[in-house]
Amino acid sequence: VSVSVTRHYGRTAAEKSNELLFHMAIAVLSVSLLILFTLGWRESLIVAIAIPATLALTLLVFYLHGFTLNRITLFALILSLGLLVDDAIVVVENIARYFRLYPEEKKMTLIIRAVDEVGGALTLSTFTMALAFLPMAFVTGMMGPYMGPIPFFVPVALLASLVFSLTLNPFLALLFSKKE
């Protein structure tokens with residue numbers, strides 16, 4: 001009996017995942033630079049921490065549910081990256097705005113008011129986007145199993161982004177802000 005390897009998809013998958021991680025790092029850096037030029041380095045640092053933390057939590061949930069890394073899961077990751085950045089930016093920008101508008105008030109009070117102001121709308125918009133992907137879970141036939149990770153992955157990423165935006169981002173703003 002002789003065995004010969006005709007196709008080695010493991011090597012291809014490793015190359016694709018490494019390329020994806022590289023491009024995701026570029027995306028996080030690009031978003032952080034944009035925030036740096038518009039809001040400041042502290043806000044940029046908060047977003048630079050929040051995005052990888054959200055992706056790490058999403059990948060952990062993905063792994064715990066038994067999904068494998070393939071082209072569809074990589075597509076879902078890229079798609080969710082574009083959507084999950086919004087939550088972090090909205091919260092950080094509103095906190096920075098409150099710091100500028102009310103320089104005499106305490107940091108903690110301003111952070112709570114800033115997050116409270118956008119929290120409801122952010123939650124509603126995130127749930128709306130997450131629910132928009134759920135009908136893909138009911139696709140049948142040959143495409144059903146092929147598209148299956150997308151309606152699971154994108155809502156999980158969006159909800160992780162919402163949780164971090166309402167918890168981690170305000171905490172980081174409290175730690176990193178220059179306001180006394």
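Details
- Residues that are aromatic (Phe, Trp, Tyr) and outside any loop (DSSP other than H, G, I, E, B) were ranked within the stretch 50-72; the one that is farthest from Pro151 (Cα to Cα) is Tyr63.
- Filtering the stretch 143-164 to residues that are within 11 Å of the chain's Cα centre (by Cα) and either surrounded by fewer than 18 Cβ atoms within 10 Å (Cβ to Cβ) or of a type outside the set (Phe, Trp, Tyr) (or both) leaves Val154, Pro155, Val156, Ala157, Leu158, Leu159, Ala160, Ser161, Leu162, Val163.
- Candidates Glu117, Glu104, filtered to the one that is in a helix (DSSP H, G or I) and open to solvent by 70 Å² or more (accessible area, probe 1.4 Å): Glu117
- One residue alone among Thr12, Thr58 is of a type in the set (Ser, Thr, Tyr) and under 28 Å from Leu172 (Cα atoms), and that residue is Thr58.
- Pairing each residue of the stretch 15-31 that is more than 16 Å from Arg71 (Cα to Cα) with any residue that is surrounded by 11 or more Cβ atoms within 10 Å (Cβ to Cβ) and modelled with pLDDT of 80 or more, provided the two are 6+ apart or on different chains, yields C-beta distances under 7 Å for Val28/Ala48; Val28/Ile51; Val28/Pro52; Val31/Val47; Val31/Ile51; Val31/Val85.
- Condition broken by Ile111, with the remaining ones in (1) in a helix (DSSP H, G or I); (2) under 18 Å from the mean Cα position of the chain (by Cα) satisfied: (2)
- Qualifying position, being in contact (Cβ under 8 Å) with a residue 24 or more places away in the chain, farther than 18 Å from His65 by Cβ and either touching a helix residue (DSSP H, G or I) at 6+ places or on another chain (Cβ under 6 Å) or open to solvent by 10 Å² or more (accessible area, probe 1.4 Å) (or both), among Thr140, Thr109, Thr126, Thr167: Thr126
Conditions tested, residue by residue: (1) free of Cβ contacts under 8 Å to residues at least 12 places away in the same chain; (2) touching a Leu at 6+ places or on another chain (Cβ under 6 Å); (3) open to solvent by 60 Å² or more (accessible area, probe 1.4 Å); (4) at positive phi.
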residue: Ser44; (1), (2), (3), (4): no, yes, no, no
residue: Ile51; (1), (2), (3), (4): no, no, no, no
residue: Leu55; (1), (2), (3), (4): no, no, no, no
residue: Leu64; (1), (2), (3), (4): yes, no, yes, no
residue: Phe67; (1), (2), (3), (4): no, no, yes, no
residue: Asn70; (1), (2), (3), (4): no, no, yes, no
residue: Leu74; (1), (2), (3), (4): no, yes, no, no
residue: Ser80; (1), (2), (3), (4): no, no, no, no
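- Criterion violated by Lys106 - all others in (1) under 19 Å from the mean Cα position of the chain (by Cα); (2) within 19 Å of Thr167 (Cα to Cα) satisfied: (1)
The values are calculated or read from the model by the stated rules, or taken from the named source; none is laboratory data. Here the structure is a predicted model, which is why all the values come from computation and not from measurement. Neighbour counts are summed over all protein chains in view; Cβ atoms, including those assigned to glycine, are modelled from backbone coordinates with ideal geometry. Protein only, heavy atoms only, side chains kept; ligands, DNA and RNA dropped before computing areas. Shrake-Rupley method; radii C 1.70, N 1.55, O 1.52, S 1.80 Å.
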